[in-house]
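The values are calculated or read from the model by the stated rules, or taken from the named source; none is laboratory data. On a predicted model such as this, the values are computed, not experimentally measured, just so you know. Virtual Cβ from ideal backbone geometry, glycine too; neighbours counted across all protein chains shown. Ligands, DNA and RNA are stripped out before the accessible areas are found, and what is left, the full protein with its side chains, is counted by its heavy atoms. Shrake-Rupley method; radii C 1.70, N 1.55, O 1.52, S 1.80 Å.
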Amino acid sequence: MNIRIIPKIDIKKFNLVKGVHLEGLRVLGDPKNFADQYYREGADELIYHDVVASLYQQNNISDLVKRTSKNIFLPMVVGGGIDGIEQVEKILKSGADRIFINSSAIDKPNLIDDIVKHFGSSTLVVSIEFVNIDGKFMCRKDFGREETDKNLIDWAKETLDRGAGELLLTSIDRDGTGSGYDLRASEKIAKYIKSPYILNGGISSLKDIGDILDNSHPSGLAIGSVLHYNNLDSLFSKMGEEGNIDFIKKKTNYKNFKKITIKQIKEFIENKISHA
Amino acid sequence: MHDVSIIDYKMGNLYSVDCALKYVGVKSIITDDLTEIKNSKCIILPGVGAFPEAMKRLKEKKLDQAIKEFNESKKLIIGICLGMQILFSKSHENGTTNGLGLLKGEVKKFDVLDKEKQKQSFNVGWRTVEIKSNNGLNCCMPKKKDEQMYFIHSYHVVPEDYSIQTSTSKFFGNEFTSSVKKNNIEAFQFHPEKSRKEGLTIYKKLKEFL
């Protein structure tokens, strides 16, 4: 089975943003420009994540999804702040193939069943963002801000039992750090989760990917920072007043991130799998 | 004036299909209007979701009859994903439901075992499409062995007559029908509109046919 390479584009208002541990979001530019670039590079799918929608209970990502559909012919998974059937319908109508939910699923798990009943399992991805506390993986909601009493594996299993088609599993500790996925987490995930899952958080090098494939079998890898930073010089644009752009102006050296292309990643995985 | 009607029965990603058609220069509309549909040169039946719900919605709007009548005119009918499945006789998704019956065969759930003997039923991702015959819209699809299209489904069609297969693909080693063609009907289990420029070759070919 092949592993999808999925650029993850986090959005705040109209900007692509990226933080560390889901915090300190920095504005990087127009998300559509980055999406165009990843389409050209050979991405297998795109994730759009409206990262403040959950916090402010709003959702204005549909226009971006519509614009993307006009010239990017790739599957799209869209989420952030979705807490009802009508929002799902609106986003799917804009050209998304699937949606993901996190906070609303934790608050009202029946929403998973509802979405599955209306749109089928294949439309629903459940996103789980977790922190590693001494080897215990605990889920957070509201983009990492709120603690919950749910642990990763039990919650993952519950969402799958309720009909989630795939999981998006984000290591908050590794998000934005470029230090690789939490391998203790991926090992545990591989042991207990037999349904398709996408791993997200910290993946920035071929070594990181090799490490993941040695201990787990993800259906996809979501990659953010390293791809965004690679393309900053050509794609950075100031989009409105919102956000912290000093980081870009100073051209801070993103020392954990070495240049890597989607093509290199795909070749690496193909090689690794064919020799396994 | 439009050439292609994308049948609007509120199931799945109609807008992406419309975008792909417009991108290659096909005049298309998304509609549930019976006259608009009748006056088209081609209809496309897209769809993502559950089979029984899809049939229910088609019947509610009398679209099932409209599609059958359109078929009698011998004009081109294209099915995509769930839209392919509902062209067949019946499906076993959540009980047994009759489909439109324009093609003979059944729609069954994937029940395959992976290497660890775990049951897998959800096929999502890029899969190689092996062309069996290419005398239709898929004639421009690259015949490279590693060419892939995007799939997302847990049910697949089992045609009564395998000669209608135009391609097959594999899910955990098990071969299934990934596209069919019979007379004026052509259908794809994968999503050409989500399969990069390789997928768009199908819509480009459609433009030539119109």
Just name the residue that is nearest to residue B:11 (Cα to Cα) out of those in region A:107-130 that are surrounded by fewer than 22 Cβ atoms within 10 Å (Cβ to Cβ) and among the aliphatic types (A, V, I, L, M). A:116
Select from region A:157-170 the residues that are open to solvent by 30 Å² or more (accessible area, probe 1.4 Å) and either within 16 Å of the chain's Cα centre (by Cα) or of a type in the set (D, E, K, R) (or both) and list them in ascending order. A:157, A:158, A:161, A:162
From A:154, A:173, which residue is open to solvent by 10 Å² or more (accessible area, probe 1.4 Å), among the acidic types (Asp, Glu), assigned to a loop (DSSP other than H, G, I, E, B) and more than 14 Å from chain B (Cβ to nearest Cβ)? A:173
Among the residues of region B:50-95, write down those that are surrounded by 13 or more Cβ atoms within 10 Å (Cβ to Cβ), of a type in the set (Gly, Ala, Ser) and over 15 Å from the mean Cα position of the chain (by Cα). B:66
Among the candidates B:170, B:204, B:117, single out the residue that is of a type in the set (Lys, Arg), surrounded by fewer than 21 Cβ atoms within 10 Å (Cβ to Cβ), assigned to a strand (DSSP E or B) and within 14 Å of chain A (Cβ to nearest Cβ). B:170
Region A:63-84, residues that are open to solvent by 10 Å² or more (accessible area, probe 1.4 Å), closer than 16 Å to residue A:51 by Cα and part of a helix (DSSP H, G or I): A:63, A:64
Odd one out for residue B:185 among (1) among the β-branched types (Val, Ile, Thr); (2) more than 11 Å from the chain's Cα centre (by Cα); (3) open to solvent by less than 30 Å² (accessible area, probe 1.4 Å): (2)
Search region B:97-114 for residues that are acidic (Asp, Glu) and pair each with any residue that is modelled with pLDDT under 95 and surrounded by 17 or more Cβ atoms within 10 Å (Cβ to Cβ) when their beta-carbon atoms are under 9 Å apart and the residues are at least 6 apart or on different chains. B:111/B:120; B:114/A:1; B:114/A:217; B:114/B:120
Could you run through region A:206-218 and say how many residues are assigned to a loop (DSSP other than H, G, I, E, B) and modelled with pLDDT of 95 or more? 2
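Go through the residues of region B:143-156 one by one and say whether even a single one is part of a helix (DSSP H, G or I) and either among the acidic types (Asp, Glu) or surrounded by 15 or more Cβ atoms within 10 Å (Cβ to Cβ) (or both).
Checked against the condition, which is being part of a helix (DSSP H, G or I) and either among the acidic types (Asp, Glu) or surrounded by 15 or more Cβ atoms within 10 Å (Cβ to Cβ) (or both), region B:143-156 yields no hits at all.
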Of the listed residues (A:129, A:158), the one being farther than 24 Å from residue A:20 by Cβ and charged (D, E, K, R) is A:158
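If the requirement is being away from every other protein chain (no Cβ under 14 Å), open to solvent by 50 Å² or more (accessible area, probe 1.4 Å) and over 25 Å from residue A:265 (Cα atoms), which of these qualifies: A:145, A:184?
From the options A:145, A:184, the qualifying one is A:145.
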Among the residues that make up region A:85-92, is at least one of them touching a Lys or Arg at 6+ places or on another chain (Cβ under 6 Å) and within 14 Å of chain B (Cβ to nearest Cβ)? no
Residue check: is residue B:130 closer than 30 Å to residue A:266 by Cβ, away from chain A (no Cβ under 14 Å), free of Cβ contacts under 8 Å to residues at least 60 places away in the same chain and open to solvent by 70 Å² or more (accessible area, probe 1.4 Å)? yes
Scan (1) closer than 21 Å to residue A:77 by Cα; (2) out of contact with any Pro (no Cβ under 6 Å at 6 or more places or on another chain) for the single condition residue A:146 breaks and write down its number. (1)
